[in-house]
Each structure stands twice: as structure tokens, then as C-alpha cells.
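Data first, discussion second: the structure below is written as C-alpha cells.
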Amino acid sequence: GLAAVGVFYFYITSTSGMVLDWGPDVRALENKVCVVTGATRGIGRGIALGLGEQGATVYVTGRTESDLRKTADEVTSKGGKGIPV
């Protein structure tokens with residue numbers, strides 16, 4: 001799927017072809033679990049934080065443990081639940 005973070009809306013396409021479109025005040029992913037690879041920097045980090053803002057539980061992976069913990073803590077501070085893997 002495609003996710004744009006830092007824009008006005010997120011667009012995620014599921015395997016069924018359905019597109020979810022939501023604004024910043026909707027917690028559309030509350031009680032959902034996501035996995036983001038490369039979540040310690042760049043686009044992966046932005047996606048992880050954006051998913052956290054939407055209330056998701058986000059498992060984050062990356063190369064360094066300290067950066068993983070930092071990203072996971074930021075996901076949690078934005079309203080989701082960040083879990084470093």
C-alpha cells in the first residue's frame with residue numbers, strides 16, 4: 001500500500017483494493033496492529049509516527065536499538081502504542 005505522512009490525508013490500499021481516507025482527527029487505526037520496517041529514519045519513521053497518530057499499535061524495526069526505542073516512544077507519545085522489535 002501507499003502511505004503519505006505529513007500531508008493532509010493518509011491513503012492505504014488493502015489487498016481487497018479498498019482505499020481508506022481519513023484526516024488528522026480520526027483514529028482510524030485504533031485497535032489495529034502494524035509492522036513498519038526501517039522505522040528509525042526517513043519515510044519508515046514518518047509512517048510509524050503517522051500510524052501512531054491514528055491510534056495503531058506499531059511494531060517498529062530498524063538497525064539500532066537506541067533509535068528503535070526512541071521511535072517507539074514517539075509513536076506512543078502520539079497516541080499509538082510503539083513496540084521496538
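Rolling a 1.4 angstrom probe over the stretch 27-85 with all protein chains present gives an accessible area of which 49% lies on carbon and sulfur atoms. Near Val60, once Lys and Arg are set to +1 and Asp and Glu to -1 for all other residues with Cβ below 12 Å from its Cβ, the sum equals +2.
The values are calculated or read from the model by the stated rules, or taken from the named source; none is laboratory data. Everything quoted here is computed from the prediction, not taken from an experiment. Cβ sites come from the backbone with ideal geometry, for glycine too, and all protein chains shown count toward neighbours. What goes into the accessible areas is simple: the full protein's heavy atoms, side chains included, and nothing from ligands, DNA or RNA. Shrake-Rupley method; radii C 1.70, N 1.55, O 1.52, S 1.80 Å.
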